[in-house]
Amino acid sequence: MMTENFLRKIIIAALIFGSLFFAKDVLAEIKMYRGTGESQMSEIETAEVVKIRAREKAIQNATKQAGVYLKTYSRSVNSELTEEEISAITSTKYKTVGEPSYKRIIRQMTDVTTAIVWQATLNVNVDDEEIRNWLNLNAAEKATLIKLTKDNLESLSENDKKVEDLRRQYLNAKTEAERDRIKAELLEVDKIFLAVQKFEEGNNFYGKRNYHKAIESYDTAITLNPNYAAAYYERGKIYFYDFDEDEKAIADFSKAIQIQPNYDDAYYERGNAYKNLDNYEKAILDFDKAIKLTPKFADAYSSRAFTYYLLKNYNRAIEDYSRAIELQPNNEINYRLRGECYKKLGELEKAQADFAQYEFWNNR
């Protein structure tokens, strides 16, 4: 017999993924793209890190090519995507093929100076079915992925600029103490870069449902960068949804919020974890905060509504389910649960209307 907590998690998952449906009449096509990237090495850097930087640039080059194809493909299915959407798809949905190949190049920079450059070449696969998957995401899910992609790319770009600046500073350093300071600063910059790589590795493991490996990658990302809010958040989601460890999840969501106080998704997920522990007061406070930060956060309205339902405050639940339906009209679970609220209040005609809407959207 399923426990009440397990049922609650099923409902939470349904609220998140309930609006997804996939086009089954179109065959997916996987295309492969080759990318090349380079990173120059200085005397204060290790070959290992420089090669990883070259690999990251190769991936960006390959996925940029994929983006051109995906944009053309999206037009063919009458759903042209924005540049931000294309970037989110290609940056999170690629798969590397095999291991990258590396080449060490001695490049003549001036008449009297040379530099060591590491060049990486690799192939990535991108499945055009990811466009269809993307089109079926709700607005909040798209916004989350776009923001995650934008933040990662900005972090990598900022990191590259810092590395270039530190390289120049080192060349112009006059004292050994100054050079030591620059080396130490570069080491920290490298840690942040490597943390991003581990974070992306964790996301890939999570996509393959290898949750233990994903946790290991997020652990390493956090060790490298203890202020990595997104790594705490993603690890917290695995603890909550996949390992049923609510207390650990709350600790991770709380850490993410401490680092990034306006982290709406972290408030939302922590609210779900509190709700699962029957701490309804704290759950509602977190959903309130998520909605205040993002007024169109449909899933937060849904989860707050279900919390009010558990508290038998059916009128407040109906208000929140109605708002969620307004924001996300094709998420059938909200009709079903609002219908249950109407049923509890004895408003059977309204309940039947909602159950009919549930059947309509559920069978599409």
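The values are calculated or read from the model by the stated rules, or taken from the named source; none is laboratory data. Every value quoted in this text rests on a predicted model; they were computed, and no experiment measured them. Counting neighbours? That spans all protein chains shown, and the Cβs are built from the backbone with ideal geometry, glycine included.
Overview of results
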{"item": "Single residue of the range 329-364 satisfying the filter (hydrophobic (A, V, I, L, M, F, W, C) and over 22 Å from Y308 (Cα atoms)) that is nearest to the chain's Cα centre (by Cα)", "result": "W361"}
{"item": "Any hit, the range 313-332, residues being charged (D, E, K, R) and under 19 Å from Y232 (Cα atoms)", "result": "no"}
{"item": "Residue match in the range 136-148 (condition: within 18 Å of the chain's Cα centre (by Cα), modelled with pLDDT of 75 or more and among the polar types (S, T, N, Q))", "result": "yes"}
{"item": "Conditions (1) surrounded by fewer than 24 Cβ atoms within 10 Å (Cβ to Cβ); (2) of a type in the set (F, W, Y); (3) within 19 Å of K147 (Cβ to Cβ): number failed by F253", "result": "(1)"}
{"item": "Residue match in the range 163-185 (condition: modelled with pLDDT of 90 or more, among the basic types (K, R) and either buried (at least 17 other Cβ atoms within 10 Å of the Cβ) or under 18 Å from A230 (Cα atoms) (or both))", "result": "no"}
{"item": "Any hit, the range 7-20, residues being assigned to a loop (DSSP other than H, G, I, E, B), hydrophobic (A, V, I, L, M, F, W, C) and either at pLDDT below 90 or in contact with a helix residue (DSSP H, G or I) (Cβ under 9 Å, 6 or more places away or on another chain) (or both)", "result": "yes"}
{"item": "Odd one out for A290 among (1) crowded, with 18+ Cβ neighbours inside 10 Å; (2) hydrophobic (A, V, I, L, M, F, W, C); (3) over 30 Å from the mean Cα position of the chain (by Cα)", "result": "(3)"}
{"item": "Test result for E247, surrounded by 21 or more Cβ atoms within 10 Å (Cβ to Cβ), out of contact with any His (no Cβ under 9 Å at 6 or more places or on another chain), acidic (D, E) and modelled with pLDDT of 95 or more", "result": "no"}
{"item": "Criterion: touching a residue at least 40 places away in the same chain (Cβ under 8 Å), surrounded by fewer than 19 Cβ atoms within 10 Å (Cβ to Cβ) and outside any helix (DSSP H, G or I) - qualifying residue of V97, V124", "result": "V97"}
{"item": "Matching residues in the range 66-83 - criterion: being surrounded by 15 or more Cβ atoms within 10 Å (Cβ to Cβ) and touching a helix residue (DSSP H, G or I) at 6+ places or on another chain (Cβ under 9 Å)", "result": "A66, G67, L70, K71, Y73, S74, L81"}
{"item": "Subset of the range 205-247 (residues that are closer than 27 Å to D190 by Cα, over 13 Å from the mean Cα position of the chain (by Cα) and among the charged types (D, E, K, R))", "result": "K213, E216, D219"}
{"item": "Qualifying positions in the range 78-119 - over 18 Å from the mean Cα position of the chain (by Cα) and aliphatic (A, V, I, L, M)", "result": "L81, V97, I105, I106, M109, V112, A115, I116, V117"}
{"item": "Single residue of K103, K183 found to be part of a helix (DSSP H, G or I) and of a type outside the set (A, V, I, L, M)", "result": "K183"}
{"item": "Residues of the range 32-50 satisfying the condition of being in a helix (DSSP H, G or I) and buried (at least 19 other Cβ atoms within 10 Å of the Cβ)", "result": "V49, V50"}
{"item": "Residues satisfying the stated conditions in the range 65-93, i.e. modelled with pLDDT of 80 or more, under 20 Å from G37 (Cβ atoms) and among the hydroxyl-bearing types (S, T, Y)", "result": "Y69, S87, T90"}
{"item": "For K147: the one exception among (1) free of Cβ contacts under 8 Å to residues at least 40 places away in the same chain; (2) out of contact with any strand residue (DSSP E or B) (no Cβ under 8 Å at 6 or more places or on another chain); (3) crowded, with 17+ Cβ neighbours inside 10 Å", "result": "(3)"}
